[in-house]
Amino acid sequence: MGMYEDVFRASMDDPEAFWLGAAEGIDWDVAPRRALDSSGAPFHRWFPDGRLNVCFNALDRHVEAGRGDQPALVHDSPVTGTLRTYSYARLRDEVAAFAGALAQLGVGRGDRVVIYLPMVPEAAVAMLACARIGAVHSVVFGGFAPRELALRIDDATPKVVVSASCGIEGKRVIPYKPLLDRAVELASHKPEKSVILQRPQTPAELGPDDLDWADLVAAAPPAACVPMSANDPLYILYTSGTTGKPKGVVRDCGGYAVALHWSMGAVYDIGPGETMFTGSDVGWVVGHSYIVYGPLLAGATTVLYEGKPVGTPDAGQFWRVAADYGVKTMFTAPTAFRAIRKEDPEGARAADHDLSRLRYLFLAGERLDPETYRWASALLDVPVIDHWWQTETGWPIVANPVGIEAAPVKPGSPTRPLPGWDVRVLDAAGKPVPAGVDGAIVVRLPLPPGALTTLWKDDERYLSSYLSAYDGYYLTGDSGHIDDDGYVFVMGRTDDVINVAGHRLSTGSMEEALAAHPDVAECAVIGVADALKGQVPRGFVVLKAGTAREPGEVEAELVRLVRERIGAVASLKDVAVVAALPKTRSGKILRKTMRGIADGLDEPVPSTVDDASVIDALRRGGPGDRTS
Ligand code: COA
Ligand code: AMP
């Protein structure tokens, strides 16, 4: 057997021994004697008797080991023209100071703190400061509109919100403070205080419940690390589900620390002193795990990049970052590479930079299309590694673990299940399908350490969303197959979740936004293929009888409405007014059929469609740059 098979087998045959071994990579206040507690199954708990502090493991222990001067985090911000490097000692001190400031505001163990920040180092500082004092952070992606932020504030009920005066999108400065104020106005729960990081591009006017980050920190004594139970929550991260109400994925302290630390070596081949650059956002799981926690737990250097891969100033920024910081492992979403390729098809900008230290490119967040795979492989001359995971899982389910043993790549497959993940493919009746046959991709319980433990304050929804479809299995929501060599192929979602430029969004929540327009009788939103973003949403609405509007007027209002309610990140730019939606005889909207027609597949028009306007609109396509 190869190394991969040995390690995978060990994780399946004796998970207790396997994960207790991996737990040795973490410094515990009380080392766990047991790996798994299944007494509350299907709720499983990892390292139930362990105690640790995740911030201590990410920062203090590296300083205590004599590596305080090593760069921990580099903030590279072409959009502001600034560059800041934090050594481990400096980052620990800044985190301890901000943790002290939070403690002075009365934030303690178990209290929630919502973080709504752009890609500034203070985002990592705020997250780690929460971890230091046992508070539970919930980072909300900056591209979400006030209403989405308000939904998360109401669910997480934070004592404090941490935000900034503004974010920067290309050449645009986006004032954040008015968005935060509006969200607090909309929310039923009112946080006691907001801490605002003032940025010189657009400082904010502070109100009576607002505090200036710099003033607060200057007056606070540093806080020490609080030992936590391994099963205490470290953070809540909201993600899109089928409905407009986001799901609050809960991550524990111990399992997450062990799994991430282990994955840094086994999957990404990154050890102490090496540099990882993850081009994502701290608001997504990829940012939590591989911009902040993973690299720091491993004692590596992480690059927190503020900007897009293209545009400001050019499509060579990822190469510049890789060269400037000697990046060994780069990780981003395929869409970033499609954007770079669109601006620089020959990859000429890569030749301007010394990429000799780059060893791997990891891609995830959406399906890696073969074209992008080939382009990136030819350009970089390093392994291009697709891998598959989700907000819920916290770290990859399926990957090519180069730190254990690199397997030959099959384009289209993120390769094989990682140790700990017992991946199966089932048919609708719950029976395993033969190799090569598509079905629902599920994972046999218990999930390994690091995966979600439940949904915040909603065990019922956790059970109904993930564990009730197939007894004993976690439903990933993706379909696909496993081939004869054990390679997994992920084909797409089976629910209303779409992936737009690597951002996970719910068509259900967009439908809720469209339905809120007074002229809309009914609507459907589907994700259609897009050459740059992978998928983009398209909306179809039927207006109430008697509605008389100028051509294009309602459509424009609806596009604006979705942008206002969900945020620019929804990218819904195309809404068509149609006479009727295709439905089954029992009245269910045929979204799958609509997707097929819009993507140019040879989808038969259902016999129930008695008005052709929707079929015409689907075939016409929208303004997006579509591909089938
Ligand atoms: N704050 C405010 N607005 C934001 C935002 C943020 N943090 N993030 C995105 N937006 C806005 C964008 O400015 C854009 O607005 P516009 O419609 O007015 O132009 C809109 O939301 C859509 O954003 P996006 O889908 O990201 O498109 P884009 O054209 O701005 O950028 C890419 C496209 C591919 C370059 C970019 O999405 C990217 O680099 N993605 C890959 C990396 C990544 O983040 N992956 C996530 C998981 S790994
Ligand atoms: P998120 O929770 O935002 O990480 O999105 C998770 C979803 O993105 C998965 O359920 C998949 O549908 C999709 N996804 C992530 N990575 C991949 C991949 N490598 N290949 C195919 N789909 C992916």
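Based on C-alpha pairs under 8 angstrom that are at least 6 apart in sequence, the chain has a relative contact order of 12 percent.
Considering the zone a paramagnetic label at Arg33 would reach in this model (a point 7 Å from Cα along the Cα-to-Cβ line), which residues of region 250-270 have amide N under 20 Å from it? Flagged as within label range: 254-255. When only the Cβ of Lys, Arg, Asp and Glu is charged (+1, +1, -1, -1), the dipole of the chain relative to its Cα centre reaches about 580 debye. For region 1-158, relative contact order (Cα pairs under 8 Å, six or more residues apart, normalised by length) works out to 15 percent.
In order along region 541-547, the Karplus-derived 3J(HN,Hα) couplings, from 6.51 cos²θ - 1.76 cosθ + 1.60 at θ = phi - 60°, round to 10, 10, 8, 5, 4, x, 6 Hz, and Gly and Pro are given as x. Residues within the reach of a label modelled at Leu83 (point 7 angstrom out along Cα to beta-carbon, backbone nitrogen below 20 Å), restricted to region 105-147, are 119-122.
Extending 7 Å from Cα along the Cβ direction at Ile174 and again at Asp154 yields two label points whose distance is 2.2 nm. Amide hydrogen proximity for Val195: with H placed 1.01 Å from N in the peptide plane, the residues at 5 or more positions away or on another chain lying under 5 Å are Val161, Val162, Ser163, Leu211.
Once the Cβ-Cβ distance of Met12 and Ser464 is raised to the sixth power relative to R0 = 30 Å, the FRET efficiency obtained is 0.60. Roughly how far apart, in whole Å, are the Cα centres of region 448-472 and region 562-614? After rounding, the separation between the Cα centres reads 31 Å. Amide hydrogen proximity for Val520: with H placed 1.01 Å from N in the peptide plane, the residues at 5 or more positions away or on another chain lying under 5 Å are Lys544. Between the beta carbons of Thr202 and Arg560, assuming R0 = 25 Å, the FRET efficiency works out to 0.65 to the nearest 0.05. For region 500-618, the fraction of 1.4 Å probe accessible surface lying on carbon and sulfur atoms is 50 percent. Protection proxy ranking for 108-118, 206-216, using the average of other Cβ atoms within 10 Å per residue and placing the highest first: 108-118, 206-216.
Carbon-plus-sulfur accessible fraction, region 404-492 (probe radius 1.4 Å, protein heavy atoms only): 52%. Classify region 321-458 as rounded, prolate or oblate from the Cα gyration tensor: take a ≥ b ≥ c as the square roots of its eigenvalues, call it rounded if a/c is under 1.5, otherwise prolate when a/b beats b/c and oblate if not. The shape class here is prolate. Computed 3J(HN,Hα) for region 31-42, one whole-Hz value per residue from the Karplus formula 6.51 cos²θ - 1.76 cosθ + 1.60 where θ = phi - 60°, is 5, x, 9, 10, 8, 10, 10, 9, 5, x, 3, x, glycine and proline marked x.
Projecting label points 7 angstrom from Cα along Cα→Cβ for Ser188 and Ala545 puts them 3.6 nm apart.
Taking the helices alone, the chain has a mean residue ellipticity at 222 nm of -7500 deg cm²/dmol, built from -39,500 (n - 2.57) per DSSP H run of at least 4 residues and averaged over all its residues.
Assuming charge only on the beta carbon of Lys and Arg (+1) and of Asp and Glu (-1), the dipole of region 500-618 about its Cα centre is about 460 debye to the nearest 20.
For region 139-227, applying the loop criterion from DSSP together with a ceiling of 16 other beta carbons within 10 Å to the trypsin sites (Lys or Arg not before Pro) yields Lys171.
What the phi angles of region 388-401 give under the Karplus curve with 6.51, -1.76 and 1.60, with θ = phi - 60°, is a coupling list of 10, 7, 8, 3, 4, 7, x, 8, x, 8, 10, 7, 9, x Hz, glycine and proline written as x.
Report the Cα centroid-to-centroid distance between region 249-281 and region 529-556 in angstrom, as an integer. So the separation of the two Cα centres works out to 41 Å. Amide H contacts of Asp386 (H built 1.01 Å from N, in plane; Pro and chain starts excluded): Leu363 sit under 5 Å, all sequence-distant by 5 or more or on other chains. The Val382 and Ala516 beta-carbon pair, evaluated with R₀ = 41 Å, returns a calculated FRET efficiency of approximately 0.30. Given in Å, the Rg to one decimal and the Dmax to the nearest whole number for the Cα atoms of region 500-618 are 13.8, 40.
Here the ratio of the Cα radius of gyration of the chain to 2.2 N^0.38 Å is 0.94.
The values are calculated or read from the model by the stated rules, or taken from the named source; none is laboratory data. Remember, predicted model here, so these are calculated numbers, not experimental data. Backbone-built Cβ (ideal geometry, glycine too); neighbour counts: all protein chains shown. The accessibility values were calculated without ligands, DNA or RNA, using every heavy atom of the protein model including side chains. Shrake-Rupley method; radii C 1.70, N 1.55, O 1.52, S 1.80 Å.
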